[in-house]
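Reading through the structure tokens given below for one structure.
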Amino acid sequence: MATDIECLKWNTTSFKPSNVLDYTEYTLALKPSHWLNLKTKGNTTKLSYLGLTQRLASLDNLNNLYVYDWSKADLKTIKSKYEHNSKLTSLASNSSGNQIVTCSDNGKIQLWNFKFSSLKMLTEFRGHYQCARNVEYSIDNKYLISCSNDKTFKIWDCQSNKFVASNMFHRNWVNIAKFFKEDKLVVSCSKDSFIQVFDCCSGKCVIKFNLSPDFAESLSVKEEFSIAVGTQLGSIQIFDLRALKVLQKYSEHNSQVNCIQYQNRTPCLVSVSKDKKLNVYDTNEGRFLYSIDHFNEIKSMNISSDDKLLATTSFHFDNEITLWKTETLKM
């Protein structure tokens, strides 16, 4: 099977020297400390840090978009509302922190510009003919990838908003899709129980993993080979593209995993669930580290690109976002 996987020819394994591995800043291996609470009008459904800046974007169930800015002495909140009958379902930001993308249950995709403390919608275009479930930027910010109940994910050019490519290999709605491996691959998960790896060069599905009877609700990618998924039944599974199998599996959650994310510079993996728990795992040692209990179901969380901050929903109240500061660990 490996001989048919063209994408694996791009892989070049790089080993970090021991002095780099022994010193880790801002790690979630230690419990983070509570730092700041941010209020919202509705219940927050999605969070995204804006690039390298000290800003956080959020989306609530009332179609309100917020940008919280703590780059200066006083916290500033910028708010905008999507004034349409359809409901916004997801939100993401580019790595520069100046543009936000959302998608809605009527299949449309919206691009928003954040500039000079103002948040305005630039354009809206039809992405899918059924509900769009999630949307993400590519690593280089040149493309968007959206996924939908129409059983596809689609790739779009950010400059022209024109359609580039589509995957029609799934048999049920696609929950999430992400660019991977310098934007040469796309990893997607669907209610059809399959995780698929799509080669953007050949336009072919090159790898499939079957989770049946379970299916993945969320996924995160790490470095060159690791794909972590959180499932509807509450498990965390980590796949390796070289071994073509599950290398680690965790069962600490007892309900659907809503969001999962690797920390950027450490082997820590974070998951949040309907069971009101945030869990942290050390994927180097393959072990569960700790949980942080929340007031209600945690619908979203996000880790800043510098690893210094973690944002979660529903720690004390449903209409509140909590920011956590990570700790520094020297070994």
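Restricting the range 298-331 to residues that are among the small types (Gly, Ala, Ser) and part of a loop (DSSP other than H, G, I, E, B) leaves a set whose member that is most open to solvent (accessible area, probe 1.4 Å) is SER305. Every test in (1) at pLDDT below 95; (2) open to solvent by 20 Å² or more (accessible area, probe 1.4 Å) is passed by ASP240 save one, and that test is (2). Condition check for SER188 on (1) touching a His at 6+ places or on another chain (Cβ under 8 Å); (2) farther than 23 Å from GLU224 by Cβ; (3) small (Gly, Ala, Ser): one failure, at (2). Listed by first and then second residue, the pairs with beta-carbon distance under 9 Å, at least 6 apart or on different chains, first residue in the range 56-76 and more than 18 Å from GLU320 (Cβ to Cβ) and among the hydroxyl-bearing types (Ser, Thr, Tyr), second open to solvent by 10 Å² or more (accessible area, probe 1.4 Å) and not in a strand (DSSP E or B), are SER71/THR53; SER71/GLN54. In the range 201-220, the residue that is farthest from SER255 (Cα to Cα) out of those that are surrounded by 20 or more Cβ atoms within 10 Å (Cβ to Cβ) and not polar (S, T, N, Q) is ILE207. Against the criterion of being modelled with pLDDT under 95, part of a strand (DSSP E or B) and more than 25 Å from TYR262 (Cβ to Cβ), TRP35 does not qualify. Pairing each residue of the range 210-227 that is free of Cβ contacts under 8 Å to residues at least 24 places away in the same chain with any residue that is of a type in the set (S, T, N, Q), provided the two are 6+ apart or on different chains, yields C-beta distances under 8 Å for ASN210/SER193; SER212/SER193; PRO213/SER193; ASP214/SER193; ASP214/THR231; ASP214/GLN232; ASP214/SER235.
Quick one: VAL272 ticks every box in (1) in a strand (DSSP E or B); (2) farther than 16 Å from LYS31 by Cα; (3) touching a Leu at 6+ places or on another chain (Cβ under 7 Å) except a single one, so which number is it? Of (1) in a strand (DSSP E or B); (2) farther than 16 Å from LYS31 by Cα; (3) touching a Leu at 6+ places or on another chain (Cβ under 7 Å), only one is false for VAL272: (2).
Taken together, THR44, THR3, THR40, THR53 contain a single residue that is modelled with pLDDT under 90 and either closer than 29 Å to VAL197 by Cβ or in contact with a Ser or Thr (Cβ under 6 Å, 6 or more places away or on another chain) (or both), which is THR3. Please work out if GLY230 is more than 26 Å from ARG55 (Cα to Cα), surrounded by 15 or more Cβ atoms within 10 Å (Cβ to Cβ) and not basic (Lys, Arg). Considered against the rule, which asks whether it is more than 26 Å from ARG55 (Cα to Cα), surrounded by 15 or more Cβ atoms within 10 Å (Cβ to Cβ) and not basic (Lys, Arg), GLY230 comes out as yes.
Only one entry in ILE260, ILE292 is buried (at least 20 other Cβ atoms within 10 Å of the Cβ), more than 17 Å from the chain's Cα centre (by Cα), of a type in the set (A, V, I, L, M) and in a strand (DSSP E or B), namely ILE292. The single residue among LEU185, LEU119, LEU111 that is of a type in the set (A, V, I, L, M, F, W, C), touching a helix residue (DSSP H, G or I) at 6+ places or on another chain (Cβ under 8 Å), in contact (Cβ under 8 Å) with a residue 12 or more places away in the chain and open to solvent by less than 40 Å² (accessible area, probe 1.4 Å) turns out to be LEU185.
The values are calculated or read from the model by the stated rules, or taken from the named source; none is laboratory data. Since the model is a prediction, treat every value here as computed from it, not as a measurement. Glycine also receives a Cβ, built like all others from the backbone with ideal geometry; neighbour counts cover every protein chain displayed. Note: accessible area is taken over every heavy atom of the protein model, side chains too, but ligands, DNA and RNA are not part of it. Shrake-Rupley method; radii C 1.70, N 1.55, O 1.52, S 1.80 Å.
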